[in-house]
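Below is one structure, written out as structure tokens; the observations come after it.
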Amino acid sequence: MTTTLRYAARSDIGLVRSSNQDSGYAGPHLAVLCDGMGGPAGGDIASAITLEHLVPLDADSHQAGELLGLLRDAVQQSHSELVALSAGNPDLAGLGTTCIALMRSGNKLAMIHVGDSRAYLLRDGELTQVTTDHTFVEYLVETGRLTREQARRHPQRSVLLRVLGDAEGDVQLDESIREAVPGDRWLLCSDGLSGPVTGETIAEVLSGVADPGQAADQLIDLALRAGGPDNVTAVIVDVVEDEHQPQTDPQMVGSAANQRARLERAASGDSPATPDSEADATLASTPAAKAAALVASLDGSDEIPAPPGQEDVIAEEVRAQKARRRRHRRQSIIASVILILALGAAFMGYRWTQTQYYVTSTDGKIAIYQGIPQRIGPISLSHLVETYDEPPLDDLDDLMRERLSETVSRPSLTSARDYVNGTVSSYVTTPSATPTATPPAPTPAAEQTPSAAPEQ
């Protein structure tokens, strides 16, 4: 039995963002989702570049054994290009992107993943999150510092630990090979969908809507109804038994589709679309619209000249808009730097706390904790390592019990154990050590010898 794929890709800018930094692709052998970051330009470019490196892999000539290698090489090439762009252009500093790619050969599916975009698998009506978010909050969940519910509300839930374009060297990817099982439905999505829409709701839509395109549209609509705080992109892939007329038309959405459309227009010599209705023409003739168009022309778009007599008004509006944009950009950069420094300091501080240990008492037992005995909001900076039944806490003298209640810091786990087994154990009180518990000794018989008889 052979398999084919039915698929759909959808993307929306959302209700808050000024540009779509997501890029999505779905084809007969490949599905990709990238969520860019790094400002209005950097994020667009990062996701589009990564997608362009991966799209050529959508072919039926690859063997299952080479899928991961092909994906790995394409992603690494994209990563290297993004690092070079960021280093060579100050305006693109900090650009990066998440990436999930799902590639098929025969009955095998290969997946690579980096970042916090997600892959879900619906099988037999049960939805499973296949990927693990590469975020600081997810690390706290995995190490038991946060619950899932706390993670959903955490203010640093979007802080990424791994992305493409962040630093030179090989990128660290999550990789897997799976069976392409007929009836399976895969969802690749950006955090603009997985954030505002719960897993239960996602499962209901994927289970209840048969057509991939309609299901993707409905999921995006739900994200927009929930506030649409970010770009929203969904790529849905259904694994089906081999069809007589399998789907072959690829679908590209988001920033990559916009970039490709602009390049195609430039190559053909076509000018940007002009208004084709009276209403649009009226709107485009207003001073505000011309000012916006002139602002766009200063950023590299085609110039649209203003009617005579309005140049000064438009120029003044342009200068004001440019000034506001510069102020906003400076403020955003300063805020971002402060946030990054604060997060970096917090993370390094947390890492240091986990090199510390302390001995204390808990639940009537001697205990060793890793970390320091402090909290930051709901986050504890320590966790229990081990407890001791011996010596009993009640057998220690008052001085040692008081000392343990205030905690005793140690530089390592070995040092903490030595302190329990040595110092703490030496403060055990025994019955023989208490004078009142020792009865008076009897007078030896030899001391009761009678006086000697007088000499005769």
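Among the residues of the stretch 162-181, which ones are part of a loop (DSSP other than H, G, I, E, B) and exposed (fewer than 15 other Cβ atoms within 10 Å of the Cβ)? Working first, answer last.
Let us first name the residues in the stretch 162-181 that are part of a loop (DSSP other than H, G, I, E, B), namely 162-163, 165-173, 180-181.
Within the stretch 162-181, Ala167, Glu168, Gly169, Asp170, Gln172, Val181 meet the criteria.
Can you tell me how many residues in the stretch 130-139 are in a loop (DSSP other than H, G, I, E, B), surrounded by 17 or more Cβ atoms within 10 Å (Cβ to Cβ) and not aliphatic (A, V, I, L, M)? Steps first, please.
Kept after step one, since they are in a loop (DSSP other than H, G, I, E, B), are these residues of the stretch 130-139: 130-134.
Add one more test, that the residue is surrounded by 17 or more Cβ atoms within 10 Å (Cβ to Cβ), and what stays is 130-131, 133-134.
Subsequent filtering for residues that are not aliphatic (A, V, I, L, M) retains 131, 133-134.
Adding up the residues that qualify gives 3.
Restricting the stretch 189-201 to residues that are of a type in the set (S, T, N, Q) and not in a loop (DSSP other than H, G, I, E, B), which is modelled with the highest pLDDT?
Thr201
Answer with yes or no whether Val235 is modelled with pLDDT of 95 or more, surrounded by 15 or more Cβ atoms within 10 Å (Cβ to Cβ) and more than 21 Å from the chain's Cα centre (by Cα). First the steps, then the outcome.
Working: modelled with pLDDT of 95 or more: yes; surrounded by 15 or more Cβ atoms within 10 Å (Cβ to Cβ): yes; more than 21 Å from the chain's Cα centre (by Cα): no.
When the stated conditions are applied, Val235 does not pass them.
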Taking Val16, is it more than 20 Å from Val114 (Cα to Cα) and assigned by TED's automatic domain parsing to the domain that holds Arg185? yes
Show me the strands (runs of 3 or more DSSP E) found entirely inside the stretch 329-429 where at least 3 residues are under 23 Å from the mean Cα position of the chain (by Cα). 379-388
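Counting just the residues of the stretch 140-161 that are of a type outside the set (Lys, Arg) and crowded, with 17+ Cβ neighbours inside 10 Å, which one comes out farthest from Met37 (Cα to Cα)?
Among residues in the stretch 140-161 that are of a type outside the set (Lys, Arg) and crowded, with 17+ Cβ neighbours inside 10 Å, the one farthest from Met37 (Cα to Cα) is Leu146.
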Among Leu68, Leu122, the single one that is buried (at least 19 other Cβ atoms within 10 Å of the Cβ) and of a type in the set (A, V, I, L, M) is Leu122
Just the residues that are surrounded by 16 or more Cβ atoms within 10 Å (Cβ to Cβ) and either in contact (Cβ under 8 Å) with a residue 60 or more places away in the chain or in a helix (DSSP H, G or I) (or both), please, taken from the stretch 202-220. Ile202, Ala203, Val205, Leu206, Pro212, Gly213, Ala215, Ala216, Asp217, Gln218, Leu219, Ile220
When the stretch 106-129 is checked residue by residue, the ones that are within 14 Å of Arg185 (Cβ to Cβ) and not in a strand (DSSP E or B) are Asp124, Gly125
Test Asp73 against the stated conditions and say whether it is of a type in the set (Asp, Glu) and free of Cβ contacts under 8 Å to residues at least 24 places away in the same chain. yes
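The values are calculated or read from the model by the stated rules, or taken from the named source; none is laboratory data. No experiment lies behind these values; they were computed from the predicted model shown. So basically every Cβ, Gly included, is an ideal-geometry build from the backbone, and we count neighbours across all protein chains shown.
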